[in-house]
Amino acid sequence: MNKNKITYLLLFGIIFLVMPLLLGLLNLYVDWLFFAETGYAAVFFKALFTRISTGLFFGTAFLLFALANIIIANRIGFPQREIFTSDGVLHILKASGLERFIKPLTVIAGIVMAVFAGQWGALRWEEFLLFKNSLDMGTADPILAKDIGFYLFRLPFVETVKGFAGFTLALTMILTAANYFLRGGILVTERGVSIDVGVKKHIGVLAGLFILNTGFGFYLDTFRLLFSDHGVVSGAGYTDIYAKLFFYRILIFITPAAGIVFMAGILRGSGKLTFVPPVLVLAVYLIGIVAYPSLLQKFKVAPNELALETPFIEHSIKFTRLGYDLERIEVIPFDVDYNLTVTDIEVNDATIKNIRLWDHSPLLRTYSQLQQIRTYYKFADVDNDRYTIDGEYMQVMLSPRELSYSDLPSRNWINERLIFTHGNGITLGPVSRITKEGLPEFIIKDIPPVSRLDLKVARPEIYYGELSNDYVIVKTKVPEFSYPTSEGNVYTSYEGSGGIRLDSLLKRALFALKFKTEKILLSSDITGESKVLYYRNVLERVRKTAPFLLFDQDPYIVISGDGRLFWIVDAYTVSNRMPYSKSADRNVNYIRNPVKVVVDAYNGSMGFYVSDPTDIIIKVYSKIFPDMFKSLKEMPEDIRRHIRYPNRLLQVQASMFALYHMTDPKIFYNKENLWEVPAFGEKYMEPYYTIMKLPGEKKEDYILLLPYSPAKRDNLAAWLAARCDEPNYGKLFVYTFPRDRLVFGPKQVDARINQDSYISQQLTLWGQSGSEVIRGSLLVIPIEQSLLYVQPLYLAAADKAGLPELRRVIVAYENNVVMEENLDIALRRLFGTMKITTGPADGTTVTVDMKTTTTDLAKEAMKVFEKAVELQRQGNWAGYGEEIKRLEQILKRMAK
C-alpha cells in the first residue's frame, strides 16, 4: 500500500513537472507558426536562442556554485553532535529515519533553485542582446566621462550580473546553513549557539565573497548617482559629487579589502579580524553616504543653492533636452496682432475649411447611431487624418466599423469563430462640414462602403483590428457573414494570405489544446484548406512580434491608393537610463518615436519602418535584428502620406519643454518663465491636429498643435507645433508670444463666452428644454499673425440615446465673441464681406459671394438694439452693456 502511494505521488510529481513543459512547448510551436507566417522567423529564433542561452548561463552558474558548496558541506562530518542529540530537532530526525534524506534533499533544493534561476535568467535576454550589440552615442556624461551608450546598453546587464551574484551567494549560504543545522554542524543549546569550525570557515568564505560583491555594488552606485533626483537637479548634485561620490570611491577600495581580511579572520579563527572589517565598512557607509551628505546639504548647499548647483543645473538642462529630443525644437517669436482682414481669411481658406468642428466623443456617438447599421457592429474610436480628395487637401475624421463579439445576437462557437469573422468598412467625413440637421457629412458611409468622391474602399473587410477576438477559422464549409442587406445577408470566403492552414490532424489537435476547445479537432466544417487567424488584435499582434518596443495605444486606420485598409501603429523606444535627464511617466527619461508599423487589416502582414534613424536605441535593435526594420522610404508612398507625429509623444515633450525651454540656469532655478499646458474645463488641453499655413510658409501643412500658458496664469505664452507632412515630417517649432502684452488663453476666452448674455441665455434655454448641451473643445487657430478661437456646440436629447447635433459654432477674435449656426456665418459677422467655399451634401462645390449689404447690417443692428432695450427693462445691465458693444461693432461695419 505504501509502495502504491509512493508510485502515485511520483506520477503526480512527474505530471506536475511535465505538463507546464508541454504547454510551454505548445505555445512555442504556435508562436513559431505565427512568426513564420508574418515573415519574422529570424526574430523568433534570435530571441528564442538568446533566451535559452541566458537561461542556461544563469541556471548553470547557480547550479555549479550551489552544488559545489553543498558537496563541500556534505563531506564535513560532525561526530560531536551525538552528545547533543538526546532531544530537539536532531533527535527527531534521527529517530524518524529522515536524517539520511538531508543530504539528497539539499542537492534537490539546489537543483530546483537553479531551474528558477534559469527561468529568471531567460527573462534577461533583451538586456544581454543590448549589452552584446551596444553602440556609443558620441556624447559622454559630464562627471564620469562615460558614453551615454554605456548607461543605455551596458550598465543594465552589468547590474543584472551583480544582482545575480548576490542572489546566488545569499541562497547558497541559506542552503548550506540549513544543511549544517539539520546535520548538527550548527547547534542551539542551553549555553547558546555552537558552530563547528569547518562550518564557520565555509560560511565565512561565502560571507566574504558577499562582501566583495557588495564592494562591486558600490562601484555601480557611482553611476547610479547620475540618475538621482533632488528636486532642483535631476541627476547628481553638489552633495552627490562632493560627498557621496568621494565616499563611494573609498568604499570601492576598502570593501573588497574588508572582505579579504574577513575571510582571513575566519580561516585563522581570529575574532578581531572577523569583526572589524564589516563594522568599518558599515561605519564608512553610515557616515559618508548617510550622515555627511545630509549635513553638507543642510548647512552648505541649501543656503547657497543657486551658486553651488549651477553647473549641475546646466547638466540637467542639457541632458533632459537630449533625452526628450527637445534640442531640435526651433523657437520663433510670434508677434501677435489683431489686424486680420477679410483678405487674410480668404487667403487662408484651406485653414478655415479644416477647422475641426467635430469632437471625437460626440462624433463617435453620432457615427454609432447613424452608421453602426447592426448592433453587432461597433465604432471603437474616431481617428483624425488627411486626404487629397478630388484635388482638395482635406482633413477628415474616420472610424472603422468592427465586429463586437459581445453584442452578437446568438453567441456560440460557430458564430464567433466561423461565421462572424470580420468587421466591414469605415465611415469617413470632413472635420467641419455639417448638414442642415446639424449632422456630419459623409464622404464614405454604409455597408458595403459607398463613396460620393474619388476616395474609395475596395477591400472593406477588417480581419485584424482593435476589437478583434483571439482567433477565427476561415475557408471552412460554413460561409462567412459579410454584411446585411434589405434582401438578406451577403456571405463571403477569405481570400487573403494570413493565417495558418489546418492541413493535418496534428495541427488541429495542437490548436484545440492552445485555445482550450475540442471543437477545432471535432468540427466537420473545418477542412484541409481552412486557416486559423490568431493574434488578431492589432496591438497584441505588433507586441508579440516586437516586445522590446513600446506601442502607442491608439492605432489609426488609413486607406491606400488601391482602396485597401491598413493600420498604422506608432512605436517608441524608451529608457530610464539617461544620466541627468528628468523622469516623466513610467519612470522614463529617454523617448523617441523611431518606428512606424503598418498592419494590413485583411492579411495581417506587418512592416516595421524606421522614421527616425538617428535614434541610438533603434540603431542597436537594427543591429540585433538586421532583417526586421526597413527604411521609411520603403514604405508605400500612398501609406507614407498618412504618417503623423504622435499625439502622446508631443504631450510628453510639451510637458518637459514647459520647464526646459529655459536654458539659463538662473532663470531655470527661479522658474521665471515657467510654462504649462492650459487647462480647459476639468482637464488639460490635449494636442490637436489641424491643417494650417505656418507663419512664413506658402503652403498648408497637416500639423499637431498645442498652446502654452505661463504658470498659474490664464493667458497664452506660446504654441508648439509638430509638422506631419513630408519632407518636413517631425520638425518641431515653438512660436512665442510677446511677454509685454495680453494674449487671451482658453480659460479667459471661455469666461468671456460665459459672460456673453446672449450665449448664456441660449445655453440656459436649451438646458431647460430637456436637451443636453455639449460644449466641444476650444481650439486656438493661428491665422497669419492673429489667433481665432473656435468652439463647437452640440445639442442632444438628455437620455443616453441622444444624437449629438452640431447646432452652433462660437468664434472669438480679439474682444469679440459671436455664436452662429455655422463657422461661415460666424466669420461673416466678425469680418464682414468675404468669399467662402462651401461643400454641400450633394457633392458639388460652389463659391458663394457672402457680401453683407447695408440693409442686412441695419436689420441686424435693429435686432441687437431691441434686445438691448429688453435687457434694460429687465435690469440686466451686464447684458445691456454687451449688446451695446455688439451694436457699436455693427455700426462701425456700416460706416466702412
- Item | Some residue of segment 179-187 being more than 21 Å from VAL281 (Cα to Cα) and assigned to a loop (DSSP other than H, G, I, E, B) | yes
- Over segment 624-650, the set of residues acidic (Asp, Glu) and outside any helix (DSSP H, G or I) is ASP627
- Name the residue, out of TYR602, TYR621, TYR609, that is part of a strand (DSSP E or B), touching a residue at least 12 places away in the same chain (Cβ under 8 Å) and not hydrophobic (A, V, I, L, M, F, W, C). TYR609
- Task: Could you tell me whether any residue of segment 316-328 is open to solvent by less than 60 Å² (accessible area, probe 1.4 Å) and more than 30 Å from ASP612 (Cβ to Cβ)?
- Result: no
- Task: Considering every residue within segment 524-534, establish whether at least one is touching a Lys or Arg at 6+ places or on another chain (Cβ under 7 Å), more than 30 Å from ARG386 (Cβ to Cβ), aromatic (Phe, Trp, Tyr) and open to solvent by less than 40 Å² (accessible area, probe 1.4 Å).
- Result: no
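The rows are residues; the columns are (1) among the aromatic types (Phe, Trp, Tyr); (2) open to solvent by 60 Å² or more (accessible area, probe 1.4 Å); (3) without any contact (Cβ under 8 Å) to a residue 60 or more places away in the chain.
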{"site": "LEU26", "(1), (2), (3)": "no, no, no"}
{"site": "TYR29", "(1), (2), (3)": "yes, yes, no"}
{"site": "PHE35", "(1), (2), (3)": "yes, no, no"}
{"site": "ALA47", "(1), (2), (3)": "no, no, no"}
{"site": "THR54", "(1), (2), (3)": "no, no, no"}
{"site": "THR60", "(1), (2), (3)": "no, yes, yes"}
{"site": "ASN69", "(1), (2), (3)": "no, no, no"}
{"site": "ALA73", "(1), (2), (3)": "no, no, no"}
- Query: Given the residues ASP824, ASP799, ASP849, ASP842, which is the only one that is out of contact with any helix residue (DSSP H, G or I) (no Cβ under 7 Å at 6 or more places or on another chain) and at pLDDT 85 or above?
  - Reply: ASP824
- Hey, can you tell me all the residues within segment 436-468 that are closer than 22 Å to GLN395 by Cβ, open to solvent by 50 Å² or more (accessible area, probe 1.4 Å) and of a type in the set (A, V, I, L, M)? VAL450
- Message: Testing GLY429 on (1) over 19 Å from VAL474 (Cβ atoms); (2) crowded, with 22+ Cβ neighbours inside 10 Å; (3) touching a Ser or Thr at 6+ places or on another chain (Cβ under 8 Å), one condition comes back false. Which one is that?
- Response: (3)
- Item | Residues that are closer than 22 Å to GLY166 by Cβ and either of a type in the set (D, E, K, R) or touching a strand residue (DSSP E or B) at 6+ places or on another chain (Cβ under 9 Å) (or both), drawn from segment 247-279 | ARG249
- Failed criterion for LEU286 (all others in (1) in contact (Cβ under 8 Å) with a residue 40 or more places away in the chain; (2) open to solvent by 60 Å² or more (accessible area, probe 1.4 Å) hold): (1)
- By my count, strands (runs of 3 or more DSSP E) wholly in segment 469-523 with at least 2 residues that are at pLDDT 95 or above, open to solvent by less than 40 Å² (accessible area, probe 1.4 Å) and under 25 Å from PRO449 (Cα atoms) are 471-474
- Message: Looking only at segment 93-142, filter to residues that are in contact with a Leu (Cβ under 8 Å, 6 or more places away or on another chain) and of a type in the set (Asp, Glu); which one of those is modelled with the highest pLDDT?
- Response: ASP141
- Among the residues of segment 569-586, is there at least one that is surrounded by fewer than 19 Cβ atoms within 10 Å (Cβ to Cβ) and either free of Cβ contacts under 8 Å to residues at least 24 places away in the same chain or touching a Lys or Arg at 6+ places or on another chain (Cβ under 7 Å) (or both)? yes
- Task: State all residues of segment 138-155 that are in a helix (DSSP H, G or I) and open to solvent by less than 20 Å² (accessible area, probe 1.4 Å); if no residue qualifies, say none.
- Result: ILE148, GLY149, TYR151, LEU152, PHE153, LEU155
- Item | Odd one out for ILE317 among (1) touching a helix residue (DSSP H, G or I) at 6+ places or on another chain (Cβ under 7 Å); (2) modelled with pLDDT under 90 | (2)
- Hey, can you tell me all the residues within segment 726-756 that are over 19 Å from GLU327 (Cα atoms), open to solvent by less than 20 Å² (accessible area, probe 1.4 Å) and out of contact with any Pro (no Cβ under 8 Å at 6 or more places or on another chain)? PHE737, VAL743, VAL749, ILE753, ASP756
- Query: Does GLU700 satisfy being open to solvent by 30 Å² or more (accessible area, probe 1.4 Å) and closer than 20 Å to VAL336 by Cα?
  - Reply: yes
- Of the residues in segment 444-479, how many are polar (S, T, N, Q) and farther than 25 Å from TYR535 by Cβ? 1
- Within segment 129-137, is even one residue hydrophobic (A, V, I, L, M, F, W, C), in a helix (DSSP H, G or I) and crowded, with 20+ Cβ neighbours inside 10 Å? yes
- Note on the structure: ALA307 passes all but one of the listed conditions (1) open to solvent by 70 Å² or more (accessible area, probe 1.4 Å); (2) touching a residue at least 40 places away in the same chain (Cβ under 8 Å); the exception is number (2)
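The values are calculated or read from the model by the stated rules, or taken from the named source; none is laboratory data. This structure is a prediction, so every number in the text was calculated from the model and none was measured. Using ideal geometry, Cβ is built from the backbone for each residue, glycine included, and neighbour counts are taken over all protein chains shown. Only protein heavy atoms, including side chains, enter the accessible area calculation; ligands, DNA and RNA are left aside. Shrake-Rupley method; radii C 1.70, N 1.55, O 1.52, S 1.80 Å.
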